[in-house]
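So the structure is just underneath, and the comments pick up after that.
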Amino acid sequence: MDRLPHSTAKGQQGQKLAEKFLKKKGLRILARNINTGPAEIDLVARHRRELVFIEVRSRWSESEVRPEETVNRSKQQRLIRGAQAFLKSRRWEDRPVRFDVVAIDGFTDPPVIRYIPDAFSL
């Protein structure tokens, strides 16, 4: 039970780092932490004409598994279903979309951020 607040705070810290990074890349953040039922979408942004659904993964201690490697096929499928629900709820089904991943190694100073645009598709 003690891990939850710490874990949540670290997740929020990672998401803030990701947002700052993405804004510098020209993305405009439209929504945060959208719970669609099938999945929670960390960030929804717009980049040029595309809607971008962004999964933020961070690690705060060294591990042999890189954060981006945890976005497996099962997680991708949940994110796709969540994005479809989000689009349908706003009647945006005809908009071009992509799925990006932001991976953060937070145990380094400064944190290392890896950005994977168009990491997977519908």
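Each value in this text was obtained by applying a stated rule to the coordinates, not by laboratory testing. Remember, it's a predicted structure, so these values are computed and weren't measured experimentally. Neighbour counts run over all protein chains shown; Cβ positions are idealised from the backbone, glycine included.
Taking only the range 70-103 into account, find how many residues are surrounded by 12 or more Cβ atoms within 10 Å (Cβ to Cβ) and closer than 19 Å to residue 116 by Cα.
16
Can you go through 18, 9 and tell me which one is free of Cβ contacts under 8 Å to residues at least 24 places away in the same chain, outside any strand (DSSP E or B) and not hydroxyl-bearing (Ser, Thr, Tyr)?
9
Rundown of residues vs (1) touching a helix residue (DSSP H, G or I) at 6+ places or on another chain (Cβ under 8 Å); (2) closer than 16 Å to residue 17 by Cα; (3) not aliphatic (A, V, I, L, M), yes/no style:
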site	(1), (2), (3)
43	yes, yes, no
53	yes, no, yes
77	no, no, yes
88	no, no, yes
99	yes, no, yes
108	no, yes, yes
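Could you pull out the residue among 30, 51 that is more than 12 Å from the chain's Cα centre (by Cα), assigned to a strand (DSSP E or B) and crowded, with 18+ Cβ neighbours inside 10 Å?
Only one candidate qualifies: 51.
Hey, any hits in the range 33-45 for a residue that's touching a Phe, Trp or Tyr at 6+ places or on another chain (Cβ under 9 Å), surrounded by fewer than 16 Cβ atoms within 10 Å (Cβ to Cβ) and either outside any strand (DSSP E or B) or of a type in the set (A, V, I, L, M) (or both)?
no
Could you check the range 83-117 and list, in sequence order, the residues that are outside any strand (DSSP E or B) and in contact with a Gly (Cβ under 7 Å, 6 or more places away or on another chain)?
The answer is 85, 106.
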